[in-house]
Amino acid sequence: MSDAVPPRRETTPRAVSPGSAPSGVAAAPPPPTGGGPADVLLASLAPLLTRWLPRQRWFAGKGSPVTGLAPVTAVDVLPVTRGGGTPGLLHLLVRARQSGTGADDCYQLLLGVQDVLPPQLAPALIGRPTEGPLRGLAVYEALADPRTAGLLLERLRVPGRLGPLRFVREADADLPAGLAPRLLGAEQSNSSVVYGDSYILKLFRRVGPGVNPDLELPRALARAGCTRVPAPAAWCEAEPPGGGEPMTLGVLQPFLPGSADGWQLALGALAVQADFTGSAHALGHATAEVHRALAGALPTLDLHPPHLERIAAAMHRRLDAAAEAVPALRGYRAALRATYDDLTRPGALGRSRRAQRIHGDLHLGQALRTAADGRWSLIDFEGEPARPLAERRRPQPVEQDVAGMLRSFDYAAAVGRAAGTGWADRAREAFCDGYAEAHHDPREDDRLLRAHETDKAVYEVLYEARHRPDWLSVPLTAIRRLAAQADGARRRP
């Protein structure tokens, strides 16, 4: 069976609109309560998707079953036909309701459909509906199929609209046809497909109204002439039914072949007891360049007392929620609260502080270094996906990003069995030294930096307790250190 992209005349896509069903498939009768074709389609898929969704790495509502699905949009990107060798491709935006958490999140799904699934796609199978327009057909994760994944690149090569979907391409982007796709296995809050060695398409799984920072910030940096971040070549968005802000669905950017992320490099250095301070210094310099470019390209604001009070209050809320869920954190709560309160003390309010657009989830895995020239680039500007999109788009102190990277050095040392050897301390200092050369020294505002590092460590405690209990000792070690620093600061006159 060929992996080639189907001819264009066979890939004419359309939206599944009222009064129509996916092309080539007989429509099932509507349910007794009524409903359009999208409702009928989703009703037939619901038994499969409610089991499949919670098992996906990118599904946000872990630990709580899906109790209901509601269609937002349904688009027939490639017609579904029975008895043919060409797969169909359905693009769905669905709301997943979870009674245990009250979540009602919108997810992007790309479903391949065909009669007989080739053996190599067996792991991607979602199931076979027992009723509805896709009755008896194999429904699977379309990104695992080179034919349907290749079609997505073809859609981005030719800008235009498709029902609620809109495909946009930068005028100067050179997107060759026929680049072989491969799905990357390391999924987090998104899924990524690499085309040849030229481009990578990141598809966001949980989506909402508003431009995603992973599109907004790299575009702004490209306009500012900053080359530390790959510039978007094309992207896809959807218009919600009834109007409202478009939802960013995916971004296509240049792929950086021959590069390794900072996490791999740090662990490699630790494995052979090699020095990493030079790399950390260069990474700090690169991070500062990106921050400086963002400050010049997008609005900034002065942090007045009400801003700092809101930042501290949000940190307090996150600490309370984490301590409620993780008893091991409760004994440190008073000391950590003091760290947050330091932000609003009269002495702290007297200094000038600014907020700007930042990366929002910076760590060693978000930095790539190319082997040819040793140059660092930053990627994945989505921010922390668990936070609301509007919050991720707000200006924040750059110390938030710096704190994220400092925590990442601690993690690398722990995983590389170098905790307590001074490796992390040397890397942290080198990173800040490099940052200070290109921007300002983040250590000068020790209260703000310590508050953000504490907030990050609290987040890590909650994350590890929920997802990786064996790693809980890593952030708890940092919590003990930060709590001791807070106690020491309170005793100083």
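The values are calculated or read from the model by the stated rules, or taken from the named source; none is laboratory data. Source: prediction; values computed, not measured. Because the Cβ atoms are built from the backbone with ideal geometry, glycine has one as well, and the counts that use them run over all protein chains shown. All accessible areas refer to the heavy atoms of the entire protein, side chains included, with ligands and DNA or RNA removed. Shrake-Rupley method; radii C 1.70, N 1.55, O 1.52, S 1.80 Å.
Using +1 at the C-beta of Lys and Arg and -1 at the C-beta of Asp and Glu, which of 296, 362, 38 has the Cα lying farthest in the positive direction of the dipole of the chain? Towards the positive end, the residue furthest out is 38.
Counting Lys +1, Arg +1, Asp -1, Glu -1, what net charge surrounds residue 476 among other residues with beta carbon under 11 Å of its beta carbon? Can you show the working numbers first?
Values: positive: 480, 481; negative: 460, 464.
So the environment of residue 476 carries a net charge of 0.
If you add up the charges near residue 427, with Lys and Arg at +1 and Asp and Glu at -1, over every other residue whose beta carbon is less than 13 angstrom from its beta carbon, what do you get? Charge balance in the 13 Å sphere: -2.
Placing +1 on the Cβ of every Lys and Arg and -1 on the Cβ of every Asp and Glu, with nothing else charged, gives region 374-468 a dipole about its Cα centre of roughly 380 debye. Estimated at 0.36 nm per residue, the fully extended path between residue 158 and residue 394 surpasses their Cα-Cα distance by 81.7 nm. Roughly to the nearest percent, how much of the accessible area of the chain is carbon and sulfur, given a 1.4 Å probe? Answer for the chain is 52 percent, counting heavy atoms of protein chains only.
Considering only 176, 406, 137, the residue lying farthest towards the positive end of the dipole of the chain is 137, judged by Cα position with unit charges set on Cβ.
A 1.4 Å probe run over the protein chains yields, for region 116-195, 43 Å² of accessible area per residue, whole-number rounding. Summed over all non-identical Cα pairs, the Kirkwood treatment of the chain gives a radius of 24.4 Å. Once the 1.4 Å probe is applied to the protein heavy atoms, region 376-493 comes out at 43 Å² accessible per residue. Around the Cα centre of region 166-221, unit charges on the Cβ atoms of Lys, Arg, Asp and Glu (plus for the first two, minus for the last two) sum to a dipole of about 280 debye.
The slack between residue 370 and residue 310, meaning 0.36 nm per residue of separation minus the straight C-alpha distance, is 17.6 nm. The average projected area of region 284-388, computed from the convex hull of its Cα atoms over all directions, is 9.1 nm².
For region 417-442 versus region 61-104, the inter-centroid distance based on Cα atoms is 45 Å. Between residue 425 and residue 57, the modelled labels are 3.5 nm apart [label points 7 Å from Cα along Cα→Cβ]. With the charge dipole of the chain set up from +1 on Lys and Arg Cβ and -1 on Asp and Glu Cβ about the Cα centre, the Cα lying farthest toward the positive end among the listed residues 448, 396, 308 is that of 308. Using the Cα centre as the reference, give the magnitude of the dipole from point charges on the C-beta atoms of the chain (Lys, Arg: +1; Asp, Glu: -1; all else neutral), rounded to the nearest 20 debye. Rounded to the nearest 20 debye, it is 760 debye.
Angle of helix 37-52 to the longest C-alpha principal axis of the chain, folded into 0 to 90 degrees and rounded to 10: 50°. For region 222-359, the spread of Cα positions along the three principal axes, ordered from largest to smallest, is 57, 47, 35 Å. Between residue 325 and residue 260, the FRET efficiency from the beta-carbon distance, with R0 = 41 Å, is close to 0.75.
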